[in-house]
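The structure appears right after this line, and notes come after that.
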Amino acid sequence: MATFRRFRPDDVDKISKCNLDPLTETYELVFYLQYHARWPSLFQVCEDTNGNIIGYIMGKLESSPEIYKFSEHYLPWHAHITALTVAPEARRLGIGKILTEQLELAADANNAWFVDLFVRKGNARAIAFYKNLGYSVFRVVKDYYGEHATDSTAQSEDAYDMRKPMKRDKKLQHIREDGETYEVDPTDVW
Amino acid sequence: MSWNRPQLRSGVDLQLQSAFNDGQWASVIRLAEKRLRTFNDPYFEIVKICAECQLDSPFEKSAGIVALQRFVNEGTVVKDVDALDLLEWATGSLLDDQEFSSTLGTLKVRLVKAKPKDRNGAIRCLESCLLHWDLFNAQQIAAILDRSFPHDRTMLFWNVVITYLLCVSDQCPPDKKKLYGMLALKQMQRAAQSASQPDAGDSDRSIRTEEEILLFYRILETHGSDADWTAALGHPEFGPVPQFRLGRKDLLLRVLDVSRRKGDWQTVYALSKECLILSGSDNSLKLLACDWMVWKALLDGASHVMGESPEVLDDVAALLDTFSAADGVRPIYIRNILLARVAAAFQLGSDDPSESGPRGAASAQVEELQRYVRSQCSSPACFDDIRSFAEKLEPDELKKFAHDYVPGLAQEAAGDPLRSATIRTLAYQLQYLALTRPGLVLPIPGSQSSSSADQWKCAVTGVVSNSSSCTERFRTIAESAAKLYRILTESLIPEGNGRDPDYVPELAILTATALVKLSGISDSGSVREHLPYPIYAARCGRLLQATLILEYQLSRTPKHSRVTLLLVRLYLVVGCAARATALWETLDVKRTITDSLSPYFLDRLSTLSPIQVLPQSSRPAKALTNGVKSYYATSLKLRMPRRLADAFESENYTSILEIPEFINRLRVSCTMVMGFVEEARACRALGQRGLPISEEVLLNDITDDAQLHENTDFGSVPNLEASMAVPIYDILRIGPKPSNARFHLALVAEKYFELFQYKPPATYKAANPLQAATTDRIFVSETLQQLSSSASRFLRGARKTLTEQEHFFFDIISLLTALISLMTSSGPSPESSTAASQLVSGVTAALDALSDSSLSLPSPEGEGEGALIPMLSSMHGLFHLRDAADAVKLATSYITSVLEPNKQSNTTKEATEALKTLDKAGAKAAALGKNRIAVLKREMTNGNLESRIEAWALGSTAEDSLSKEIQGIVGDRIGKSMGILADSWRVGVKGWELVRWE
Ligand SMILES: CC(C)(COP(=O)(O)OP(=O)(O)OC[C@H]1O[C@@H](n2cnc3c(N)ncnc32)[C@H](O)[C@@H]1OP(=O)(O)O)[C@@H](O)C(=O)NCCC(=O)NCCS
């Protein structure tokens, strides 16, 4: 049983179903408040009948800082998914998909070129999920994560920067066919 | 307030800049004076004052405050924002938030009035007032900004939202509340009216954005008339329906919520119906309206209006049919719609008895439940989805459903063993649910007269018992669940590899829950209140069995949060705080979820095992409470977080209203107080020094009038009980949940200890010792009076929020504060000695009662578990006994120190008597407590602890088939499991050996 709605600050008192899952990071309060303050329509939750949050997405709208205007890594106006999580017992019901689609609607409404996100290269489930929704790898950020999620001997883990074009990108100029082979350093990502 | 050191205004010469940046305060003062003389610019005077504030002497330190006061009193207008920012930085830590408004806030308004066209300067002033939550001055600035920039629409809405915030806050004088409220409303109504005109861009003073509309409704909710509200709902552009058509759902949800609260069911029904119809016809809206909340509104609305308009029943049925027939909808919607059908059958079903029978309400309910289960039985959420409906079925219906229908589905799925196991698990969960419905255990008619003991019978299982709680009826379900669990873990999926299907841990949880019930720990609420501690009358063997199966499950799926959460509480109750702590740490509760989750484990932990709160005596930095304290320190660093300013900048008015509300509540969180109290208690017990409670900045806000806010999140904790029954996590608890009264009382107690235990630094020597002693005494007496009045205020009616031992303990503190005041302040009189002796007997009686309740055992001479486990699980009482003895000792020492120097004839004799009695009572309590620790220490080495535990946990399995199942499940891990329990108890007792007794 579920309702999708905007995040409210007191939802943080009800997010344990999502955040006790080891794959979901818990941030400082100001981090959640920042998204709520700046991009409230891009911070959506899914609530069960008892008021527990069983999924949420946090996103923002931005472009790279002006000083990078002429860099090849410059990102034009786009939406970014900062966090997406669904409580383990509520997975595979389409909740993740609805949350992401709502964010895409907001991205279109704000005339964004694309929606992008970072995901661990080893997070096969999430990658399968995003591919199913039409996202593709745009570039590989080497050693983006300081530690490896599953391999404790590894020092770091690569990230996939995945993207989906929005309506504005009619000519598909902001996606790549062969993004898996396109490697960049973490310093190229802002 | 910690502001980073600001930069000096640009244009200031390099020499002064660098002296300032390097913190060369003496040079800054000298240079600033020089510049002041040269340029006659008051900015430099303020630079100089700020540099003086950085010097060491108290006189210079206060230069900023003194200057502020002078500016305010003399009507000075500081026309330079940079200068004001400097002053704000320099005085920040010395000025509390209340003082901000009358000093810096006032100066900021003066500045904005003097330079109304300086947009940036005014906005900086506004931001500072907002972050200090000085709404009074913020409102004035916002109003000036709006007047100065009539073509900047943002200023209009800022002004409105701040005016509104002021009118609903306690900063607003009561006689002005209405005025400000009307002001905000009128401005918004004007902005709404002009919206029909064409959009005029930035200078457009009409409502345009979704956020502005949401703000409009928020103001209407509290300040609009009914007619205003109704008119808004029907507005062609801003109404919830036209907004919904644009894909905006938040207004709809808000309006539904408000109408529900107003009891306006007609609106609830009509709105939800209209939006559902809309979304049925438009694919892009489908995403929005199949929300459960909308369906729920439809059904709740219909159930209220159907009396007058019976036709709504057909409308609802038609809507449900349309949605059920739609294809291509997502799984989550199918679930919502199916569930809406179930809910409709329960909520809108006829109560007319003539309609019962095959087509009646009852059969429709069962039919819809069956439909739901058929479709959703393999979802791990199925049980949670239907439980609230299933429990409303008649006992017979529920029995058929749980014992015949669902198991039948499992049978049908026999070809797919895993699916079949999922469904069988669901059946067991429902069977358990059926047992927890209140009112199912009934007295057997006539039994009262025929036999000596009353006889009771469970309507579901038929089990007969001598007690109304009839715990034995949980045996069958425990055994069935354990059997299935064993089969699954042994044969189907022997390899855990961390990835058991959901129902495997769920079966472990179900078995453990039923075992807890079987232990008898839950004996009905009223009896419970009189038991000294949770497991007093329980069969501990069953509780240990529950830990065994859960530990086993954790060995298969480490860190499983539901299993861990249940096990943590179980361990706390059976006295294994060390193991509970180790498991809790695997959950990694930190940062934002601290407030809602840490009380689940940390509340009262210091009373169970101080050493768990402060693990290494030499390193307080390792304290478990650190995470809690640092969360609040980080989140509440400023009066309001900077994010509030972000919300203004982004013009997100709902966030502007919601963030302060949340932050203000966080400031009075029970969890925050808990963090400080737990640490202070542990420090005291272990003889360590911590920061005095009265010096904790965050606790300054907690005056007696602060209503502390409790919100423990139990969302992730297993709970299989019917809604009217006590959830298992509340059965497995040391005492009542956090509450306003308990934490205020805890603060009183901590302040009491601090008052008498505080020792001035060894280097401190008073210039005039006699005068210092008098001042000290006055301070003590005033503080005691405050503590005494707080204690009696919060003790009133607090019985139900405290454990028995807490109640005795706080009572003792309350009596002692009164007694000390009486004996040390008033002159000798017969009345005062009578009062004193009454207070003394009050204290001794409470001490005796506390000893009794902390130390009594169900079977004092008992063997094995009969004594040891209850002893280990009653440390909470022991802790309060220690504290109480300590408090008495401090009282007698202080009274003696005051009375001694001026020995007076007859009072002294009576006083001496009283003191002696008190001293003796305290010493006796402490001796009893110490003795208990000695007994425990002996018990730990008495024979092989592991094999003793095994005997208590599993008894002679030959006679008990359930125990045999548990043993079978644990298999050869049994040795390890016993080791876990034994080690945890040993660590616990060792920890208690470090606790100081006076
Ligand atoms: C990734 C995640 C958000 C998906 O949420 P979800 O609600 O379960 O996903 P949905 O049910 O909406 O899935 C939509 C589609 O994505 C694909 N998908 C989702 N989970 C998948 C999985 N585990 N394996 C393969 N495909 C998967 C499927 O095609 C699915 O459609 P289907 O169920 O009809 O086959 C969720 O698994 C999660 O919270 N993971 C942990 C946190 C995380 O990794 N977040 C991503 C970090 S960027």
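The values are calculated or read from the model by the stated rules, or taken from the named source; none is laboratory data. This structure is a prediction, so every number in the text was calculated from the model and none was measured. For neighbour counting, all protein chains shown are included, and Cβ atoms are generated from backbone atoms with ideal geometry for every residue, glycine included.
Condition check ((1) more than 14 Å from chain A (Cβ to nearest Cβ); (2) surrounded by 18 or more Cβ atoms within 10 Å (Cβ to Cβ)) across all residues:
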{"site": "B:L271", "(1), (2)": "yes, yes"}
{"site": "B:L278", "(1), (2)": "yes, no"}
{"site": "B:K296", "(1), (2)": "no, yes"}
{"site": "B:L299", "(1), (2)": "no, yes"}
{"site": "B:L319", "(1), (2)": "yes, yes"}
{"site": "B:F323", "(1), (2)": "yes, yes"}
{"site": "B:G328", "(1), (2)": "no, no"}
Report yes if A:D158 is more than 16 Å from the ligand (Cβ to nearest atom), surrounded by fewer than 21 Cβ atoms within 10 Å (Cβ to Cβ) and among the acidic types (D, E), otherwise no. no
With respect to A:R120, is the statement that it is more than 9 Å from the ligand (Cβ to nearest atom), under 14 Å from the mean Cα position of the chain (by Cα) and charged (D, E, K, R) true? no
Tell me the strands (runs of 3 or more DSSP E) entirely within the stretch A:1-120 that contain at least 3 residues that are within 23 Å of B:E661 (Cβ to Cβ) and at the interface with chain B (Cβ under 8 Å from one of its Cβ atoms). A:3-6
Taking the criterion of being assigned by TED's automatic domain parsing to the domain that holds B:V898, buried (at least 23 other Cβ atoms within 10 Å of the Cβ) and modelled with pLDDT under 95, would at least one residue in the stretch B:823-832 satisfy it? yes
Failed criterion for B:W133 (all others in (1) in a helix (DSSP H, G or I); (2) closer than 21 Å to B:P641 by Cβ; (3) hydrophobic (A, V, I, L, M, F, W, C) hold): (1)
Kindly indicate the residue of the stretch B:669-699 that is assigned to a helix (DSSP H, G or I) and without any contact (Cβ under 8 Å) to a residue 24 or more places away in the chain and also nearest to the chain's Cα centre (by Cα) among those meeting that condition. B:V697
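Each row is one residue, and each column tells you yes or no for (1) within 30 Å of B:S789 (Cα to Cα); (2) away from every other protein chain (no Cβ under 14 Å); (3) among the basic types (K, R).
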position	(1), (2), (3)
B:T712	yes, no, no
B:V717	no, no, no
B:M724	no, yes, no
B:Y729	no, no, no
B:L732	no, yes, no
B:G735	yes, yes, no
B:P738	yes, no, no
B:F743	yes, yes, no
B:E750	yes, yes, no
When you go through B:T607, B:T557 one by one, which is the residue that is in contact (Cβ under 8 Å) with a residue 40 or more places away in the chain and over 24 Å from the mean Cα position of the chain (by Cα)? B:T557
Residues in the stretch B:181-203: is at least one part of a loop (DSSP other than H, G, I, E, B), under 26 Å from A:H36 (Cβ atoms) and out of contact with any His (no Cβ under 8 Å at 6 or more places or on another chain)? no
Given the criterion more than 16 Å from the ligand (Cβ to nearest atom) and within 14 Å of chain B (Cβ to nearest Cβ), identify the matching residue among A:K171, A:K142, A:K167. A:K167
Tell me, which residue of the stretch A:123-139 that is within 10 Å of the ligand (Cβ to nearest atom) and either of a type in the set (D, E, K, R) or farther than 19 Å from A:S156 by Cα (or both) is surrounded by the most Cβ atoms within 10 Å (Cβ to Cβ)? A:Y130
So, of the residues in the stretch B:341-374 that are among the small types (G, A, S) and at pLDDT 95 or above, which turns out to be nearest to A:A2 (Cα to Cα)? B:A343
Conditions (1) among the hydrophobic types (A, V, I, L, M, F, W, C); (2) at pLDDT below 95; (3) away from the ligand (no atom under 16 Å from the Cβ): number failed by A:W113: (2)
Name the one entry in B:A885, B:A911, B:A891, B:A921 that is closer than 23 Å to B:F756 by Cα, at pLDDT below 90 and surrounded by 15 or more Cβ atoms within 10 Å (Cβ to Cβ). B:A911
Helices (runs of 4 or more DSSP H) enclosed by the stretch B:29-84 - at least 1 residues per element that are in contact with a Cys (Cβ under 8 Å, 6 or more places away or on another chain) and surrounded by 20 or more Cβ atoms within 10 Å (Cβ to Cβ): B:63-74
Inspect all residues belonging to the stretch B:735-742 and state whether any of them is over 30 Å from B:K559 (Cβ atoms) and among the hydroxyl-bearing types (S, T, Y). yes
If I filter the stretch B:172-193 for residues that are over 23 Å from B:H132 (Cα atoms) and within 34 Å of the chain's Cα centre (by Cα), do I get at least one hit? yes
Subset of the stretch B:621-665, residues of a type in the set (A, V, I, L, M), in contact with a His (Cβ under 9 Å, 6 or more places away or on another chain) and more than 7 Å from chain A (Cβ to nearest Cβ), comes to B:L638, B:M640
Going through the stretch A:2-41 in order, the residues found to be crowded, with 24+ Cβ neighbours inside 10 Å, aliphatic (A, V, I, L, M) and within 15 Å of the ligand (Cβ to nearest atom) are A:A2, A:I15, A:L20
Filter the stretch A:46-78 for residues that are more than 13 Å from the ligand (Cβ to nearest atom) and under 15 Å from the mean Cα position of the chain (by Cα); the one that is surrounded by the most Cβ atoms within 10 Å (Cβ to Cβ) is A:H78
Only one of (1) within 14 Å of another protein chain (Cβ to nearest Cβ); (2) at pLDDT 95 or above does not apply to B:T557, and that is (2)
Could you tell me whether any residue of the stretch A:79-91 is modelled with pLDDT of 95 or more and away from the ligand (no atom under 12 Å from the Cβ)? yes
Matching helices (runs of 4 or more DSSP H) fully within the stretch B:941-998 where at least 3 residues are in contact with a Cys (Cβ under 8 Å, 6 or more places away or on another chain): B:974-993
Residues that are in a loop (DSSP other than H, G, I, E, B), more than 16 Å from the ligand (Cβ to nearest atom) and not small (G, A, S), drawn from the stretch B:305-353: B:M306, B:E308, B:P310, B:E311, B:L348, B:D351, B:D352
